[in-house]
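Contents: one structure, followed by commentary.
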Amino acid sequence: MTETERIQELRTVLHQHNYNYYVLNQPTISDQDFDMMMHELQELESKHPEIYDPNSPTQRVGSDLNNEFETIVHKRPMLSLANTYNKEEVEEFYNRVKEGLHGAPFQICCELKFDGLSISLHYEHGQLTKAVTRGDGIQGDDVTENVRTIHSIPLQLDKGLDYPDEFEIRGEVLMPWSSFDRLNKQREEEEEPLFANPRNAASGTLKSKNSSTVAKRGLDAYLYYLLGDNITDDGHYENLQKAHSWGFQISKNIKLVNSLQEIYAYIDYWDQERKKLPVATDGVVLKVNSLAQQRSLGMTAKNPRWAIAYKFQAEQAETTLRQVVYQVGRTGAVTPVANMDPVQLAGTQVRRATLHNADVMQKLHLHVGDRVLVEKGGEIIPKIIDNVTENPNPKHQIQFVTNCPVCQTPLVRYEGEAAYYCPNETGCQPLILGRIEHFISRKAMNINSIGPETAEDFFRRGLIHDAADLYTLTEEQLLTPEGGGQVNARNILQSIQESKDVPFERVLYAIGIRFVGEIAAKTIARNLGSMEAVANASIDCLLGINGIGTVIAQSIVQFFSNPVNQRFIQRLQEYGLHMKLSEQELSSHSDRLTGKSIVISGVFAHHSRDEYKAFIEKHNGKNVGSISGKTSFILAGDNMGPAKLEKAQKLGIPIVSEDEFLEMIGE
Ligand code: IVH
């Protein structure tokens, strides 16, 4: 056998073992044998790059390269479901379906509602070609590299099975409780912020820039929706069973029923039994089984009429409050957190609960020793919802802190915000970290080889004290104690170097002036042209800029009056960042859209939505989210939402096509 043949053989065998292990839960060889074969394959593949295959089982271990996510327009929009919280609403759904089908018999497929994030997988000729997150339903992130590390998702289907040449299958990526607990335990030891629930952890993991992180975190996936032009069976349930036979993990707890009573029984059963499942669920999904009937029922503006989600009630328990502590977030926001006697709630032991902010906390009139009612919904950290102590004495009430628990600076409250903030942006650790994270983020300097975790690691190791220090890093500092990780170190240094090309408006955003978001930074950059001009601008001068109000103006002046910030900016300049608009940026702007409020809707052929937003800004127009009497026109692509269309027609607002728009702005 040649080495090439051996590679093919190992790939086939390992795909099968993966499936046996992760989908069937029935491994037929020992872990050790599996690892040995994997090792052999890795070695052979490194000798034969010419037969690289992105779907090889070795790709499941992930890579350390960075994935910048590309935005992909969904072939078919990813709709979400209408939610209901009680059985009356389920009955209403059932009756609507009955009516909609004019008395024809129908079956309902009952499924669990998995609490993760939805994913759309595309297969061509049995090969996984793309995995895309839901995003906004119209377009999502291409997370294919990360998804390849999820063992229960087949990378290639066995030949000879009856799957169509091309199909899409959707489902939920989730983090099983066991992985979640392990991850949070590890984060606790490393003093990293904990994930609030498996869904956040799954979502954070799937969006990780580093697929080897994904590979380590033990994500799983259940598929629940098969789509495509060549789906032969009329039954949704039957299609899922078929998908199972092709190698997909489908929940075993799906049930076809014929009556409302059976639906109720399913709901009641799973409301209890779900606590024993290895993954988080937050409800039940009910779907009309026949695809023909689904089509005839159609959809509303937002949701299909043939399906609905019933959400389980959040669980509650009573316990005793012991202490309130305060956490300082990366923005400086101070969150009160209750420490309580441990109590069993929704499958886990709970001893901490959030109190959100000073107002919520004060309303509860809390004292040490009070009996409190704690609730844990699917999506949130447990929270205290009531003080059940009789006559709590206001005299001994716990008062919200006045100073930052980390750096002791007196806290401030900004107008219109519920939280108190530590204002010590240049001297309080969590805030400094927050500023570094912001600086490297995609829309700021886009230093994509460093994620928040790496940045924090550099900070804790004393390699950087602020974002400007990133530009002083050397390869030596980034190597591991044993001198390894050279490729990684060079990647990091390269993307730091590349960030020096980021245009001035994004530098202005990246330096992290409170309240100066992306749009404000752009507006100011275009009006003032340079960092020097911004630093020297008076409040009045700033207020003269269209769209800049007192809060932003004051924040800017305050920022530049701080010597620590002055030094920071000076250093960034010394390291070669853009501190003024380029000639090209100065000349490419126009006033063609001045005074126009524009709504963007639908899917576009020539540019992405973000690019159209940028065009609108570039030509001095305003992009707004919803249609009103003040809207000047709608920039409409394909598949504009029917509700929007109706509203536009009612208000007589012109609809401008993509081509017309591009002509209008002369692009
Ligand atoms: S079906 C058009 N089935 O719940 C039907 N969704 O808003 C599309 N989910 O975005 C979804 N378990 O992320 C379906 N068994 C299940 C589900 C499920 C969880 C999620 C999914 C979707 C949301 C509903």
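The values are calculated or read from the model by the stated rules, or taken from the named source; none is laboratory data. Here the structure is a predicted model, which means the values were calculated and not measured. Positions of Cβ are generated from backbone atoms using ideal geometry, with glycine treated the same way; all protein chains shown enter the neighbour counts. Quick note on the areas: whole protein, heavy atoms, side chains included, nothing else; ligands and nucleic acids left out. Shrake-Rupley method; radii C 1.70, N 1.55, O 1.52, S 1.80 Å.
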Quiz item: Which residue, of 331, 319, 281, is crowded, with 20+ Cβ neighbours inside 10 Å, of a type outside the set (A, V, I, L, M) and either more than 30 Å from residue 100 (Cα to Cα) or in contact with a Pro (Cβ under 7 Å, 6 or more places away or on another chain) (or both)?
Solution: 319
Exercise. Considering only the stretch 473-521, give the helices (runs of 4 or more DSSP H) lying wholly within it that have at least 1 residues that are open to solvent by less than 40 Å² (accessible area, probe 1.4 Å) and farther than 21 Å from residue 565 by Cα.
Key: 475-478, 486-498
Self-check item: Filter result (open to solvent by 50 Å² or more (accessible area, probe 1.4 Å), modelled with pLDDT of 95 or more and either within 16 Å of the ligand (Cβ to nearest atom) or not charged (D, E, K, R) (or both)) within the stretch 126-153
Solution: 127
Quiz item: What do you reckon, is residue 123 away from the ligand (no atom under 16 Å from the Cβ), closer than 18 Å to residue 255 by Cα and not hydrophobic (A, V, I, L, M, F, W, C)?
Solution: no
Quiz item: Consider residue 116 against the criteria (1) open to solvent by 20 Å² or more (accessible area, probe 1.4 Å); (2) within 16 Å of the ligand (Cβ to nearest atom): it satisfies all of them except one. Which criterion is unmet?
Solution: (1)
Practice problem: For residue 450, work out the one condition from (1) more than 19 Å from residue 568 (Cα to Cα); (2) outside any loop (DSSP other than H, G, I, E, B); (3) of a type in the set (Val, Ile, Thr) it doesn't fulfil. | Solution: (2)
Quiz prompt | Residues that are under 12 Å from residue 635 (Cβ atoms) and either open to solvent by less than 50 Å² (accessible area, probe 1.4 Å) or among the basic types (Lys, Arg) (or both), drawn from the stretch 604-618 | solution = 604, 609, 612, 613, 615, 616
Exercise. Kindly state which strands (runs of 3 or more DSSP E) lie completely within the stretch 148-259 and contain at least 2 residues that are free of Cβ contacts under 8 Å to residues at least 60 places away in the same chain and of a type in the set (Val, Ile, Thr).
Key: none
Exercise. Please specify each residue of the stretch 97-113 satisfying the condition of being of a type outside the set (Asp, Glu) and open to solvent by less than 20 Å² (accessible area, probe 1.4 Å).
Key: 97, 101, 108, 109, 110, 112
Self-check item: Search result, residues across the stretch 65-78 that are open to solvent by 70 Å² or more (accessible area, probe 1.4 Å) and within 16 Å of the ligand (Cβ to nearest atom)
Solution: 75
Exercise. Can you tell me which residue among 85, 94 is away from the ligand (no atom under 13 Å from the Cβ), of a type in the set (Phe, Trp, Tyr) and open to solvent by 50 Å² or more (accessible area, probe 1.4 Å)?
Key: 85
Quiz item: Looking at this structure, is residue 525 part of a helix (DSSP H, G or I), closer than 20 Å to residue 438 by Cα, in contact with a helix residue (DSSP H, G or I) (Cβ under 9 Å, 6 or more places away or on another chain) and touching a residue at least 40 places away in the same chain (Cβ under 8 Å)?
Solution: yes
Quiz item: Of these, 535, 525, which one is over 16 Å from residue 449 (Cβ atoms), out of contact with any strand residue (DSSP E or B) (no Cβ under 8 Å at 6 or more places or on another chain) and open to solvent by 20 Å² or more (accessible area, probe 1.4 Å)?
Solution: 535
Quiz item: Within the stretch 97-113, which residues are within 16 Å of the ligand (Cβ to nearest atom) and among the hydrophobic types (A, V, I, L, M, F, W, C)?
Solution: 97, 108, 109, 110, 112
Exercise. Only residues that are crowded, with 18+ Cβ neighbours inside 10 Å, touching a Phe, Trp or Tyr at 6+ places or on another chain (Cβ under 8 Å) and touching a residue at least 60 places away in the same chain (Cβ under 8 Å): list them for the stretch 546-576, please.
Key: 565, 572
Quiz item: Taking the condition under 34 Å from the mean Cα position of the chain (by Cα) and not in a loop (DSSP other than H, G, I, E, B), does residue 600 pass?
Solution: yes
Quiz prompt | Condition broken by residue 293, with the remaining ones in (1) under 30 Å from residue 438 (Cβ atoms); (2) of a type in the set (S, T, N, Q); (3) in contact (Cβ under 8 Å) with a residue 60 or more places away in the chain satisfied | solution = (1)
Self-check item: Of all residues in the stretch 374-396 being surrounded by 16 or more Cβ atoms within 10 Å (Cβ to Cβ) and at pLDDT 85 or above, the one that is farthest from residue 311 (Cα to Cα)
Solution: 389
Quiz item: Which of the residues that make up the stretch 412-465 are open to solvent by 50 Å² or more (accessible area, probe 1.4 Å), under 30 Å from residue 402 (Cα atoms) and of a type in the set (Lys, Arg)?
Solution: 413, 460
